[in-house]
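The values are calculated or read from the model by the stated rules, or taken from the named source; none is laboratory data. From a predicted model like this one, the values you see are computed outputs, not experimental measurements. For neighbour counting, all protein chains shown are included, and Cβ atoms are generated from backbone atoms with ideal geometry for every residue, glycine included. For accessibility, only protein heavy atoms count, side chains too; no ligands or nucleic acids. Shrake-Rupley method; radii C 1.70, N 1.55, O 1.52, S 1.80 Å.
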Amino acid sequence: LCPPAMLRDEDTEADFQRFLRRVDDVSNLLQGLKSTDSAVKEKAIAEAERRLQEKGTSEGEETKTTVNRTVINTRASGPAEAANADAFLAMLEKDARERAKQRKRKEQLANALKEKGNEAFRRGDFAGAIRRYSEGLGQRRDKQELYTNRAQAYLKIQEYEKAIGDCEWALKCNEKCIKAYFLMGKAHLALKHYPESRQCYEKILQVDPQKESLFRACVTEVNLEEKRMKDEERAEKEVQAGNVAALSIKELLQRLGTPGQDILFYTGGIRLLAALVKDCTGQTLFRTNNGFSILGDNGAVRGSLCAERRSPAEVELCVSVLVLWQAVCAGNEENQRLLLTQPAVSAQLPELLSSGILEIQRETLALISLYSESESGRKLLVRHQDLTRWLQILMAFVKSSDGRAGSAMNILSDLIAEERFKAQCRVLLSTGALPLFTQLLASGRQVNLAALSCAIGAMGSLCAEPGVRTQMAESRECWQGCLQLLEESLDGSTPGYQECVFAVLGLMMNLLLESNGIIQDLAVAISGRCLALLSHQDGRIVTRAIGVLSRALPASSSAVEEAVKGGVVKKMIKFLKAGGQLTASYGIKTLCICTKSNRQAQEELVKADKRFAVLLRLLESQEEMVVGNAALCLSQCLGVRGAGTSLLGSSVVMLLLRHAGGDAARTSVQENAAIALGKLCVAEPRHIHQLRKLNGLAILNSSMKYVHSS
């Protein structure tokens, strides 16, 4: 079957539009013939007769009908006329049914051909796919999917004009077809029609504003391609104009492509080339003159990159190549992409990082930093590199005393934001990075502390991934390393521990989101270290120490007892008096845990917080979790003798009633406030008078029904 002609064929387009209109006209005509309105029905009959007359005239046949075709009969239809009309209607309905069946058969055949085309496309048989899609269009000329699918196949064989034509046909069928605009944009981009390509992508955003991320990605691709083309044109003009640097780059690349030369010859040429390739024009000339391929095919260069043991000359050549790549890739996304697609580079980057040779490691880190510092560069790394070993490799630089440690940790901090990197880290975590990490924690005095704090922070960020967090929380060695670092920081003999302590406490908070036997076993030790840190001069460390306490104490009743003996209640009251939203959240939660079942903690709180001034202030907080925990803590302490009496004359009834009566969005807060009110009235019945005065009994009854139904 012949495929439909392109949109620029005016006769075919007009024919296609007439076809679509006829479908609509026949549908409208049938609706008119079935109408209960006699005027509408008679008008439809007249229109149908007119169409039949036109058809008969065009075919040269004699028209045989008893209905007047020139004048609409305005009189009421008689029995004979009604019979003729019914017969005509039945004929039209029969014809419509036949057409519907035929259309259904064509639809089924078109779908079958589409599936065959899709199968051919998946096999890479694009010519076969185009043939099948064209056969399908022979059955259904208004099937949008066949046009877009065929356009996609045309793109694969670089028939860009035909792809654009099919996209235009698809938009005639469905003017909001996003796939058609997307493929047409791709075709225009391939033809270097940059404004037209942008217009196609803008149409996508107009059709569906939710496609903004797709729009941005597509427009970015257009901008980069347009810039690359302009750079290449400018570079070519430099060569044609006889620019010395441009000619030198071209000549040097030709020399580097000469096989069999001495290794020092290649080293000198590459160093000179790196000095010349210092701007966008030089970078473009390197790329357009096949610089990546020339270096990749150079046996001496390849050998220096892949060697397990390198001679001094090979080290020098390897360093020179790394410096050249930095010059070629700095600020140039296209060159960055091409470099990572070189097989030798992709395979050797992790090996170069772990080579143990200072100069090679330093230049490799500098090269990778060019990628990690930008979002597009990070995307290239995670797309083209197997990063499963990178966490362990980068973390090993913490042991370095020079600038490599800082460079490696900066790269790690950049990569940790990439979800794909986090997922790859999990693969070898338990056998690679985690054992190394625990060693670093235990040897804080011998490593770069600034780099160690960065590594700890990176591991803390990794804990956002549940699989990583579970593995780390189940590592006793990891917990012991954290505790050892905290212990060493307390003697104050090693400067620079402050940031490490802050990072470790954050890591421990994340790990305490898990619950396991190891955490239960170590809860006493964890809470003990944190209690000791409550006197630290750094307020950030104090806040995090309280946060760790609030998550560690629920794991062990023994930890609660030891913490109460260590004066945790008085210390929490002290910090709560000082204010601070985060501190208040952690502090009141810690008090709730301690007063839940420990009588000593309850008595100490009543004694330390005179007339519950701190808890009453927390009941006025804007944070519902703070309010709920304050109400719970209060209710747990009202069993202490005199506690309820000390609240007479305060605003406690009004505050609790407000939260119990519906001000709180969380039902748990309402329930805690209602329980506290009940215990308050039991502890000191004189509060009932204030409750009644505020119509509190009715409010409580109503709110508690709501709480239980929820």
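Annotations
Matching residues to (1) at pLDDT 90 or above; (2) touching a helix residue (DSSP H, G or I) at 6+ places or on another chain (Cβ under 8 Å); (3) open to solvent by 10 Å² or more (accessible area, probe 1.4 Å):
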{"position": "Ala396", "(1), (2), (3)": "yes, yes, yes"}
{"position": "Ala423", "(1), (2), (3)": "no, no, yes"}
{"position": "Val427", "(1), (2), (3)": "no, no, yes"}
{"position": "Ser430", "(1), (2), (3)": "no, yes, yes"}
{"position": "Ala442", "(1), (2), (3)": "no, yes, yes"}
{"position": "Asn448", "(1), (2), (3)": "no, yes, yes"}
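- Subset of the range 361-383 that is open to solvent by 60 Å² or more (accessible area, probe 1.4 Å) and in a helix (DSSP H, G or I) - its residue that is modelled with the highest pLDDT: Arg362
- Within the range 143-166, the set of residues being touching a Cys at 6+ places or on another chain (Cβ under 8 Å) and open to solvent by less than 30 Å² (accessible area, probe 1.4 Å) comprises Lys143, Tyr147, Thr148, Ala151.
- Any hit, the range 455-468, residues being of a type outside the set (A, V, I, L, M, F, W, C), open to solvent by 10 Å² or more (accessible area, probe 1.4 Å), more than 26 Å from the chain's Cα centre (by Cα) and at pLDDT 90 or above: no
- Only listed residue being in contact with a Leu (Cβ under 7 Å, 6 or more places away or on another chain) and either open to solvent by 40 Å² or more (accessible area, probe 1.4 Å) or modelled with pLDDT of 85 or more (or both), chosen from Ala274, Ala241: Ala274
- Set Gly649, Gly639, Gly661, Gly628: member being within 15 Å of Lys610 (Cβ to Cβ), assigned by the TED database to the domain that holds Asn695 and either open to solvent by 40 Å² or more (accessible area, probe 1.4 Å) or not charged (D, E, K, R) (or both): Gly649
- Residues that are open to solvent by 40 Å² or more (accessible area, probe 1.4 Å) and aliphatic (A, V, I, L, M), drawn from the range 526-585: Ala532, Ala578, Leu582
- Annotation: of all residues in the range 287-299 being in contact with a Pro (Cβ under 9 Å, 6 or more places away or on another chain) and part of a helix (DSSP H, G or I), the one that is nearest to Pro343 (Cα to Cα) is Gly296.
- Screening Val569, Val560, Val640 for residues that are under 44 Å from the mean Cα position of the chain (by Cα) and over 24 Å from Gly539 (Cβ atoms) leaves exactly one candidate, Val560.
- Scan of the range 579-623 for residues that are touching an Asp or Glu at 6+ places or on another chain (Cβ under 8 Å) and within 16 Å of Leu638 (Cβ to Cβ), ordered by number: Asn598, Leu615
- Among the residues making up the range 182-234, those that are in the same structural domain as Ala151 (by the TED database), of a type outside the set (A, V, I, L, M, F, W, C) and open to solvent by less than 30 Å² (accessible area, probe 1.4 Å) are Gly185, His188, Tyr194, Ser197, Tyr201.
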